[in-house]
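Peer 1: Would you mind keeping the following structure in view while I ask a few things?
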Amino acid sequence: MTFSSWSLAAAAMLSFAAATPAHREPDGAEVRAMSLVSTAGKAEFTIQVAGAVSVNDFALSDPARVVVDLAGAVLPPRFKSSYDGVNRAGVIGMRVRQYDESTVRVVLVLERAKPYTVAQTDDGIRVSFGADESFVAWSTAGAAAPVAAAAKPTPAPVTPVVVEPTDADQADALEPAAAPAPERRLVAVAPVQQRQEPRITVSWDNASIQEVIAGFQAISGRSIILGKAIDVKVSAEIRDKPWPDAFKAVLGAYGLSAQEVEGGIIRVDAPETLAAIDSLEPLQTEVLKVNYANAGELAATVKGVVSKRGAVTADTATNSLIVRETRTVLPSIIDFARGLDVRPPQIAIQAKIIFVDRTDVEQLGFRYDLATGGQFYNKIIQRPDPTNDDKPFQPGVNIVDLGGNAISAIANADAFVQSSALDLTYSIALGGFTLTSFLTALERVDLTDVQTEPVITTKDNKKASLLVGEEIPLRVIDASSLGGGAGQLPRATVQFKEVGIKLNVTPHVTNNRQIVLDIETERSAVKILSAADLGFSIDKQSTKNEILVNDGETAVIGGLTVTTVTRAKTGIPLLSSLPILGNLFAFTTNTENRKDLIILVTPRIVDDAAQEN
C-alpha cells in the first residue's frame, strides 16, 4: 500500500468517524453522550446535551475531582457511562448521576489536581485541561479516537484505582455543591501510566518526505514543520508500531532530526541546522525555589538534562536553583526540577531496646585448722607466740615445736568468701590437739534490667542514628616516647570511645505504604585487660540487615543471649573427690552470668494534614 492510498483511506475513516447519527430532539434538555479526546497539547472532555442547560462547576480534593452540574438536564433511560479505568491525561475515573429531578452531576476523578477551563458550545459543554502526551480517545459509545485507517490503538493494561465502598460512595451525586469532599481510603494504587500512542501500519515506495510528514500530522494531530532545504525520497515499511517510534526511525534513517519548540510544534531538519538555530537562541535565567529537596543535591541531577549552553547553580543560602537555558528548553528544565522537588513522607521510628544482665553466685566451703599449744600455723586463727607472751600476733610467723612429736595442719587456708552471708565455726579438743573447722556460705543474685524507648522522626531515605550509651575515657600509653633518658616516664594520652547500644536506620516508603528499613545495630562495652596500662579490648555485637514492614508494625530486628557459667573447686586432695562427703573437704564457687539483648523497631508514616494535592 503506497502512502497516497493510505492517506485516502485515513481521510475516509476521519470523515466516517466525524459523522454522527441524527437524534430526535427531546422536549427538555437531555444528556446524549460524553467523550474524552486528545488535541494539540491538551485533553478535552465533552458532554453532548440536547437543549438548554445551566452549568455550574467546582473542584474537590482527596481525591482530586472536577464536578460539573447541568441544571435543567436529565439522563435518558439506560444511559451507559462506564469508564474503562485507563489513565488519560490524568483522568482515572468518571461518574454521572441524576443529582435531582432536574440536575445531572458529572464527576471527573483525576490523578492529581490540575487547572481546567469549562466552555459551553453549540454541541455541549467542554472541559479542557493540559496533557503531557496524546492518548487513545474514549466515549460513552465505545468509539476510538478518529485516527488514520492504519492506526491500531491498543491500550496498555493499567491497574485501576480501587476505592473501598463506604456510606459516602454516592456523595458526589447527593451532596450539594458547597459540601466538602468525603474521605476515601485507597486500597490499590495504579502503576505508572504507559504510553497510549496510536499505532500505524504503512509502507512508502519512493514517497516524498513532504507526503510522509503530512501522514504523521494526520495520525498524531500535531503540527510538524519541515525545513525548506529538505528534499528526500522515503521507501520504508512500518508494521503496527506507535507513531512516535515510527516517526523517529524514519527521520533517523535519512539523517534528519526532530525538535519540539514552544507551543508543541515539531520542527524537522538536519541536525546541524537545528543545532545552529539553537546556538542563536538567546539564553534566559530563572530562579526556582526548592521547597523539600536539597538544592545542592538537586542541582547535580538537573545538570544531566540541560544542554551544552545551559547551566545550573545551587544557591544554598536560599535553597534555590539558578537555571540558565534557552527560551525553548527552559520550561521543560523547570518542570523537570519541580517534578523532583516533591514532599517526602516523614517516618517516626520508635525503638525499644531491652538489656537484661543477671548474675547468680553460689559459694560454699570448709576450712580446717589443727594445732597444739606449742605448734601451729598463723593463717586462720590468730595465736600469740607461746615463748613470748609480750610478742604481738604476727600472721606470717609459724610456730614449730622441735623438741617433741607434734603435728599441725590447715586446709583451704587461702579460700574465703568475700561478704559471706553465713560463717560457722566448730572447735573440738582431741587430746593435746585442737581441731577447728570453719563453714562459709554465700548466695548472691545480681540483676540489671535496662529498657529504653527512644523515638526519632526522619525523612524518607534519610539516615537516623540513635545511641544509648556513653563515652568512656581510656588512657593510652605510648611506649616509644621513653627515649634514652633516665627516669623519663612514657607519654600517656586519653581517647574517648563510644560504647553502648547504637542504632542506625534509613527508612524508605514504598508505593503501597510499606516501609523498607536498612538497619545497623551494635552493642559494645570496654573491657580492661589489666590495671597496669597494658591495654583494653572492646566487646562488640553488631547486626546489619534490611527488612520490609507495614506501617505501624513492630519488627524484632535483633536478639542476643550470652550465658557464661564458671565453676571453681579447691580442696584437700583425694578427700575432696569423695562422693557426697567430698564437699566437706572442698571449697566451691558457682557463677552463672546471663545477658539478653532484644531490639524492637516500630516505624510509622507521619501524614501531614496540609499535604499538597
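Peer 1: Identify the single condition in (1) open to solvent by 60 Å² or more (accessible area, probe 1.4 Å); (2) under 28 Å from Val342 (Cβ atoms) that Pro282 does not satisfy, given that it satisfies every other one.
Peer 2: Every listed condition holds for Pro282 apart from (2).
Peer 1: Just to verify a result, which residue in region 399-452, among those that are surrounded by 11 or more Cβ atoms within 10 Å (Cβ to Cβ) and of a type in the set (Asp, Glu), is modelled with the lowest pLDDT?
Peer 2: Here the residue is Asp401.
Peer 1: Which residues, counting only those in region 528-574, are closer than 30 Å to Arg367 by Cβ and at pLDDT below 85?
Peer 2: Of everything in region 528-574, those that are closer than 30 Å to Arg367 by Cβ and at pLDDT below 85 turn out to be Ser530, Ala531.
Peer 1: Hey, can you tell me all the residues within region 360-416 that are among the charged types (D, E, K, R) and either out of contact with any strand residue (DSSP E or B) (no Cβ under 7 Å at 6 or more places or on another chain) or not in a loop (DSSP other than H, G, I, E, B) (or both)?
Peer 2: Asp360, Glu362, Arg367, Asp369, Asp389, Asp390, Lys391, Asp401, Asp414
Peer 1: From the list Ala441, Ala421, Ala464, which one is of a type in the set (Gly, Ala, Ser), out of contact with any His (no Cβ under 8 Å at 6 or more places or on another chain) and within 30 Å of Ala348 (Cα to Cα)?
Peer 2: Step by step, each of Ala441, Ala421, Ala464 is checked, and only Ala464 is of a type in the set (Gly, Ala, Ser), out of contact with any His (no Cβ under 8 Å at 6 or more places or on another chain) and within 30 Å of Ala348 (Cα to Cα).
Peer 1: Specify the residue that is nearest to the chain's Cα centre (by Cα); the eligible residues are those in region 243-279 that are open to solvent by less than 30 Å² (accessible area, probe 1.4 Å) and over 26 Å from Arg199 (Cβ atoms).
Peer 2: Looking at the filtered set, the residue picked out is Leu274.
Peer 1: Something else: Among the candidates Lys241, Lys233, Lys248, Lys289, single out the residue that is without any contact (Cβ under 8 Å) to a residue 24 or more places away in the chain and basic (Lys, Arg).
Peer 2: One residue alone meets the criteria, Lys248.
Peer 1: Give the residue, chosen from Thr328, Thr313, Thr285, Thr301, that is closer than 30 Å to Val509 by Cα, of a type outside the set (A, V, I, L, M, F, W, C) and not in a helix (DSSP H, G or I).
Peer 2: Exactly one residue qualifies, and that residue is Thr313.
Table: residues versus (1) within 30 Å of Lys502 (Cα to Cα); (2) open to solvent by less than 70 Å² (accessible area, probe 1.4 Å).
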position	(1), (2)
Thr543	yes, yes
Val549	yes, yes
Leu581	no, no
Phe587	no, yes
Asn590	no, yes
Asn593	yes, yes
Val601	yes, yes
Arg604	yes, no
Asp607	yes, no
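Peer 1: With respect to Ala59, determine if the residue is out of contact with any helix residue (DSSP H, G or I) (no Cβ under 8 Å at 6 or more places or on another chain), of a type in the set (A, V, I, L, M, F, W, C) and more than 22 Å from Ala113 (Cα to Cα).
Peer 2: Judged against the criteria, Ala59 is not a match.
Peer 1: Which is open to solvent by less than 40 Å² (accessible area, probe 1.4 Å), part of a loop (DSSP other than H, G, I, E, B) and in contact (Cβ under 8 Å) with a residue 12 or more places away in the chain, of Val306, Val342?
Peer 2: Val306
Peer 1: Further, regarding this structure: Looking only at region 32-50, how many residues end up being open to solvent by 50 Å² or more (accessible area, probe 1.4 Å) and of a type in the set (Gly, Ala, Ser)?
Peer 2: The number of residues fulfilling the criteria is 2.
Peer 1: Which residue, of Ile353, Ile381, is open to solvent by 40 Å² or more (accessible area, probe 1.4 Å), touching a residue at least 40 places away in the same chain (Cβ under 8 Å) and not charged (D, E, K, R)?
Peer 2: After applying the criteria, what remains is Ile381.
Peer 1: Can I ask one more? Condition check: at pLDDT 85 or above, buried (at least 16 other Cβ atoms within 10 Å of the Cβ) and outside any loop (DSSP other than H, G, I, E, B). Does Phe58 satisfy that?
Peer 2: For Phe58, the condition - at pLDDT 85 or above, buried (at least 16 other Cβ atoms within 10 Å of the Cβ) and outside any loop (DSSP other than H, G, I, E, B) - is not met.
Peer 1: For region 64-89: of the residues being assigned to a loop (DSSP other than H, G, I, E, B) and surrounded by 19 or more Cβ atoms within 10 Å (Cβ to Cβ), which is farthest from the chain's Cα centre (by Cα)?
Peer 2: Selected residue: Tyr83.
Peer 1: Can you find, within region 199-232, the residue that is modelled with the lowest pLDDT among those that are surrounded by 15 or more Cβ atoms within 10 Å (Cβ to Cβ), of a type in the set (D, E, K, R) and not in a loop (DSSP other than H, G, I, E, B)?
Peer 2: Arg199
The values are calculated or read from the model by the stated rules, or taken from the named source; none is laboratory data. Please read all numbers here as calculations on a predicted model, not as lab measurements. All Cβ positions, glycine included, derive from the backbone under ideal geometry; neighbour counts span all protein chains shown. Heavy atoms of the whole protein, side chains included, go into the accessibility calculation; ligands, DNA and RNA do not. Shrake-Rupley method; radii C 1.70, N 1.55, O 1.52, S 1.80 Å.
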